[in-house]
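Undergrad: Please see the structure below; I have some questions.
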Amino acid sequence: MVKEAFSIELNGKISANIAHTKSLLGDLEDSRAFECIDTECKIQLTCTKWKDINGKRIYFTPTSRDHLHIAGCKASGELEEIQRTTFEEKEARKSIKKNGNIVLTRISEQSNYNNTSDKLNDTAGNNTNKFNNNNNENKSTSERSSVTSIMTLIKLMSDPSFDKDKAYLQLPNNEKISINELFMDLDKATLIKKNTLRIFYGKVKVSTYKKTALKIDFVASSPAPLLFTNKSLMLDRHYGKQAKKYIDRNKEIYVFFRGYLSSDNKWKAYNKDFYKDLYFSLEKSI
């Protein structure tokens, strides 16, 4: 459920309440002529209570139950993120039962990913090789599921019943690793291998930086440099909600970050936007 959408008829952004009013006035005709305002998401949306003069609780909802908002969608909230994570986790477990792979996929590459997901096409694992590649075997399998949400991976890592030592996970360079290998505890690390995609986690202190950014400082004496992300975008997402009461208060919280450390010792996000690869938690799990 989202409150704003892009109107195809008006060629612009509109709120659900105004769209509903325009439907009563006859200025808008099609309740399904809307798209998500996130340019990477853009799933088709339907305005509820269309032309219903007594309509209440008006919002936009996915037109098809077979499509979900992308992970980290700028328009969606906690419910949509949980739906995405639940779906991805379910599909991942299905793939593993059939001796398949969990394919780590960028959010932009899965903008039109279908919730019915029988099998992935071969584009999911064919990214340019930016990371160290230790295993190029088995580039495709008969059963694969796509994981875009960092929450899905944290959830699998936190599940004691999940086998975290088997190499189920396929990275963009086709390297196969286990969930345990994917996660790196920065509270204990003495060395971070450069240009190697991982999920890094540890205790941090969070503060405002130049008014519009968040500065994330790892507490442990480790080789981890500072992390920065857009403050408003981070705190508007479900991923960032736990951090709100810890900012600028010298308090500790856990952060998970999906990306890699570049040769010049700077963090690089896996996706285009850092906030889509960061997740704050009160514990080392969700």
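The values are calculated or read from the model by the stated rules, or taken from the named source; none is laboratory data. Since the structure is predicted, the reported quantities are computational estimates derived from the model, not experimental observations. With ideal geometry, Cβ positions are generated from the backbone for all residues, glycine too; neighbour counts draw on all protein chains shown. Note: areas computed on protein heavy atoms with side chains; ligands, DNA, RNA excluded. Shrake-Rupley method; radii C 1.70, N 1.55, O 1.52, S 1.80 Å.
Undergrad: Calculated FRET efficiency, Leu282 and Asp27, Cβ-Cβ r, R0 41 Å, to nearest 0.05?
TA: Numbers: r = 47 Å, r/R0 = 1.15.
Efficiency for this residue pair is about 0.30.
Undergrad: Okay, next question. Excluding Lys49 itself, calculate the net charge of residues whose Cβ lies under 9 Å from the Cβ of Lys49, where each Lys or Arg counts +1 and each Asp or Glu counts -1.
TA: Surrounding charge for Lys49 is +2.
Undergrad: Here is a further query. Find me the longest stretch of the chain that has none of the exposed GluC sites (Glu not before Pro), where exposed means in a DSSP loop (not H, G, I, E or B) with at most 16 other Cβ atoms within 10 Å.
TA: Working: sites that count: Glu9, Glu29, Glu137, Glu143, Glu283.
By the stated rule (loop sites, at most 16 other Cβ atoms within 10 Å), 144-282.
Undergrad: Something else about it: Express the relative contact order of the chain as a whole percentage, based on alpha carbon pairs under 8 Å and six or more residues apart in sequence. Please list the in-between numbers first.
TA: Details: 608 pairs, mean separation 38.4, N = 286.
Over the chain, the number comes to 13 percent.
Undergrad: Determine the share of the range 192-286's accessible area contributed by carbon and sulfur atoms, expressed in whole percent, with a 1.4 angstrom probe. Mind dumping the intermediate values first?
TA: Numbers: 1980 of 4410 Å².
Whole-percent figure for carbon plus sulfur exposure: 45.
Undergrad: Based on the inverse mean of 1/r over its pairs of different Cα atoms, what is the Kirkwood hydrodynamic radius of the chain, in Å?
TA: Computed over Cα pairs of the chain, the Kirkwood hydrodynamic radius comes out at 20.2 Å.
Undergrad: Separate question: Helix-only mean residue ellipticity at 222 nm, the chain, DSSP H runs n ≥ 4 weighted -39,500 (n - 2.57), per residue, nearest 500. What is it? Spell out each step's value before the answer.
TA: Working: 5 runs with 49 residues, N = 286.
Value at 222 nm, helices only: -5000 deg cm²/dmol.
Undergrad: Not counting ligands, DNA or RNA, and with a 1.4 Å probe, what is Thr212's accessible surface area in Å² rounded to the nearest 10?
TA: Rounded to the nearest 10, that gives 100 Å².
Undergrad: For Thr190 and Asn265 in the same chain, what is the full-extension length gain: residue separation times 0.36 nm, less their Cα-Cα distance, in nm?
TA: Details: separation 75, 0.36 × 75 = 27.00 nm, distance 1.43 nm.
Gain on extension, Thr190 to Asn265, equals 25.6 nm.
Undergrad: Quick one: dipole size for the range 141-243, taken about the Cα centre, charges +1 on Lys/Arg Cβ and -1 on Asp/Glu Cβ, in debye to the nearest 20.
TA: Values: 17 positive and 10 negative charges, 109 e Å.
Once rounded to the nearest 20, the dipole reads 520 debye.
Undergrad: What distance in nm separates the two pseudo spin-label positions at Ser221 and Lys90, each 7 Å out from Cα along the beta-carbon direction?
TA: So the two model labels end up 4.9 nm from each other.
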